[in-house]
Amino acid sequence: MKRSNFKVRKKNDRVSLTEDIRNHVIYSLSKEVKDASEWDAGKALALALRDRLVERMIETRDRYRRVKAKRMYYFSIEYLLGRCLGNNLCNMEILDLCEDIFKDLGYDLDEVRASERDPALGNGGLGRLAACFLDSLATLDLPGCGYGIHYEYGLFRQSIHNGYQKELADYWMKEGMPLQVARPDQSVIVPLYGRVESAATPSGDYLPMWVDWDDIIGVPYDIPVVGYGGKTVNYLRLFAARASENFDMDIFNHGDYIRAVQRKIESEMVSKVLYPTESVSFGKELRLVQEYFLVACGLRDITRRFLAQNKNFEEFADYVAIQLNDTHPALTVVELMRYLVDERRIEWDKAWEITRATCAYTNHTLLPEALELWSVSLIEKVLPRHLQIIYEINSRFLKKVESKYPADNEKLRRMSLICEDGTKKVRMANLAVVGSHSVNGVSELHSELVKTRLFPDFYEFAPQKFNNKTNGVTPRRWMLKANPALAALLTDTLGKGWITDLNELHKLEEHINDSEFRARFMEAKRTNKIKLGNFINSTLDINIPPDSIFDIQAKRIHEYKRQLLNVLHVIHLYLELVDNDVEPSCSRAFLFAGKAAPGYWEAKQIIKLIHSVAKVINNDPRAEGLLKVAFLPDYRVSLAEKIVPACDVSEQISTAGTEASGTGNMKFAMNGALTVGTYDGANIEMLEEVGQDNFYLFGLKQEEVEKALREGSYHPREIYNHSPEIRQVFTALLENRFSPDEPDLFRWLVDKLLTDNEQYMHLADFKSYSEAQKRIDRDYAEKEIWAAKAILNTARMGKFSTDRTMLEYAEDIWKIKAVK
Ligand code: 26W
């Protein structure tokens, strides 16, 4: 490997940037400067930015190579990036300058930024977390890059018709993606299907041969990831599937050339579309192929890079760490074993040691229906050699278990990688646990439940593997970029340190009693509320007074997240007002946003319910100035950036023991919202930071939920019988007050919530939820008290920066170091 010492040449001053923008208009877009539209100028700016990012990416790579740095590769089937232009300019610290330059050229950079499509290559929390991690890794100069799939279609766009969700295709690259760099020269070949032929080495050892496989090409596209300050630029490498030029010779020889080509082209389906479901395992062949495609491309890329610097695979784990983002890339364990054993001819035990030292696994969900199982017959068809290896891993593992617990067949059955009830299936979570040296959950509570509820046998067997890494979010996107009004006040008050050391926010506490500071803080909030109010007014024609409480629940629609509990309470407030003449003491706007998985009927009905309730309340003059309800369609990162800064009350109301962590909760709180929330996920740790007085806690605790459901002692009908409030709400629903044209539309939900042992225990928490809401009304009415609480929330959110999270992973799991 030749040593190089690459120098960054492009400057970030006004003259150089303006010159480069002009040059790109001419040489990249082939236009005269006078003919360039605003959109052309935006594209030219993106290209000028890309020049700078690419230079720094090369410099960063050089720097890592010079010290032979150990690198971390984040394997994730999803990345929810959000818009890139503004974020990159922000991290390069040239956003204001570029706004100025655009003004001089007669354009509006804000409009250009607003026209960028969100790359939505993810569903929700897990994908967004991955994107925040990448930002922090680069900001901390840590050698860590992302690997994923270059989906042609991202998560569907949501449109609403008559209150119902409709899905639209998301062809996110319609206008191109100027920041990405294609790297066809680094393409890799991925084999699939075929069969295994047994053979033997000359010395008589078993030598399996994977033959007659079909192949797909993986073409990498790099998206530069710039850290704050612009020094380190890592990358997110996304692989697109391309047909190889090898035909299926059988078909070809039969003279059917077109069909042979067609077969090839179908292989490009692999990276066509992101699966839009986040809580059920689907068992579809295409998804399995996607998962393998990611793993195979990623590992080929990593081993090529490793071999360029080092030939000794015994040292592999000294240079490579792979983090499995949930079980979707769990085949990494098997593919790495196949590579080491079959291709590098390393003996099994050594290969196993290397594999386990390399891989680490993060679990992101407690819902049993979301745990991945793949049928043995499907794996055998798609990856015949891998199935053999899975069986071998399993039999060696079970021998170890058996020697520790002789004759405990039940235990063996539970810990096996193969589930034998019904058709045989591979348990991907067991595979990920067995093949990793570290297994972590994403909040304190979740990590405890990973040990006790999900993997108790594995925890008993190897307790040292299990650990917690509480999630975070990046303050660069979620404060600096999304909330310029607050960011300016923070920088004015504390200097710029908070941007890269969020614990600096603690110093705000000194200013809580300063009435001028309080006024400025609440003024920033008001600015953001007015902005969001205008947006809602112009898009939905709903008028929201800026002085009302902005109460927001924005997240995927799922029964466990209990949007229903929120709606029931809204209905309750409305009925109090119109039937019982009790006015709420504060005006409130209840805002909802979120997508439902296309096949999730209940979630789609919940969206309909919210719209139906909104229609009645917003059109009732008696509720004018007191209650408003709005559903903001097409929730995505760019919409979240508008919503989050404007929030007063953040709804984090999942049934205790169901939300692994939550990260929206953190975004809202750092921007000065107060949380009404259950004792669940990272809410608990947020509460610990801000204290009981600054968090509206309600509801059953996880142990209480678990106990009731285990014993079958939850009888919602008894609660209903004793609660005039709930009866009034249900009666209104059954009398079709919110569905006058569609009788019985919401009967299902009354029935469901009244069913014994209803899984998410909505009614059990109704009363304490409603009391927490009353406390909010009381506190909000005292402007000064509320301001102090809001400031304290921002001041105490330092822990929830992904900078902290990444440093913990780097030190405890990956053993990687910053390369400055
Ligand atoms: C197999 C289908 C499938 C797809 C995605 C099952 C499960 C998932 C994800 C694990 C769901 C997910 O996004 N989990 C969320 O991860 C966040 C980041 O750690 C947490 O903050 C959320 O609480 C958790 O729901």
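Points worth noting:
- Options Phe461, Ile217, Asn409, ranked by Cα towards positive dipole end of the chain, top entry (Cβ charges): Ile217
- Cα centre as origin, Lys/Arg/Asp/Glu Cβ charges: the stretch 226-324 dipole, Debye: 340
- In the chain, a dipole from Cβ-located charges (positive for Lys and Arg, negative for Asp and Glu) runs towards its positive end, and of Phe738, Leu89, Leu129 it is Leu89 whose Cα lies farthest in that direction.
- Among 735-748, 482-495, the order from most to least packed when residues are scored by Cβ within 10 Å on average: 482-495, 735-748
- Averaging the Cα positions of each part gives two centres, and for the stretch 85-143 and the stretch 173-195 these lie 23 Å apart.
- Rg over Rh [alpha-carbon atoms, Kirkwood Rh] for the stretch 357-500: 1.17
- Applying 0.36 nm per residue to the separation of Thr731 and Ser244 and subtracting their alpha-carbon distance, the gain on full extension is 169.1 nm.
- Where Rh is the Kirkwood radius over Cα pairs, Rg/Rh for the stretch 525-660: 0.95
- For the stretch 57-97, the calculated P(r) over all alpha carbon pairs, in 10 Å bins from 0 to the bin holding the longest distance, is 21, 29, 41, 9 percent.
- Binning the alpha carbon pair distances of the stretch 415-466 at 5 angstrom intervals from zero yields the distribution 5, 20, 29, 23, 13, 7, 3, 0, expressed in whole percent.
- Label-zone membership for the stretch 791-820, site Asp318, 7 angstrom Cα→C-beta point, backbone N under 16 Å: 815-817
- Per-peptide packing, taken as the mean over residues of other Cβ atoms within 10 Å, places 759-767, 115-123, 368-376 in the sequence 115-123, 759-767, 368-376 from highest down.
- About the centre of its Cα atoms, the chain shows a dipole size close to 2320 debye [charges on the beta carbon of Lys, Arg (+1) and Asp, Glu (-1) only; nearest 20 debye].
- Bins of 10 Å from zero: percent of alpha-carbon pairs in the stretch 110-257: 9, 23, 28, 20, 14, 5, 1, 0
- Only helical runs count toward this figure. For the chain, summing -39,500 (n - 2.57) over DSSP H runs of n ≥ 4 and dividing by all residues gives -14000 deg cm²/dmol at 222 nm.
- Our summary of shape: the Cα atoms of the chain have principal axis extents of 91, 74, 58 Å, ordered from largest down, in whole angstrom.
- For Lys284, the lysines whose Cα comes closer than 25 Å to its Cα, not counting residues fewer than 8 places off in the same chain, are Lys166, Lys264, Lys272, Lys381, Lys424, Lys425, Lys595, Lys604.
- Seen from all directions on average, the stretch 200-292 presents a Cα convex hull projection of 11.9 nm².
- The alpha-carbon of Lys7 sits under 27 angstrom from the alpha-carbons of these lysines, leaving out residues fewer than 8 places away in its chain: Lys43, Lys68, Lys70, Lys231, Lys817, Lys820.
- Packing here is the average count of other Cβ atoms within 10 Å per residue, and on that basis the peptides 213-226, 449-462, highest first, run 213-226, 449-462.
- Note on the stretch 1-142: Rg/Rh from C-alpha atoms, Kirkwood Rh, equals 1.01.
- About its Cα centre, the dipole of the stretch 494-575 is roughly 320 debye, where the only charges are +1 on Lys and Arg Cβ and -1 on Asp and Glu Cβ.
Readers should treat all values here as calculations from the given coordinates under stated rules, not as data from a laboratory. Since the model is a prediction, treat every value here as computed from it, not as a measurement. Ideal geometry is used to build each Cβ from the backbone, glycine not excepted, and the neighbour counts take in all protein chains shown.
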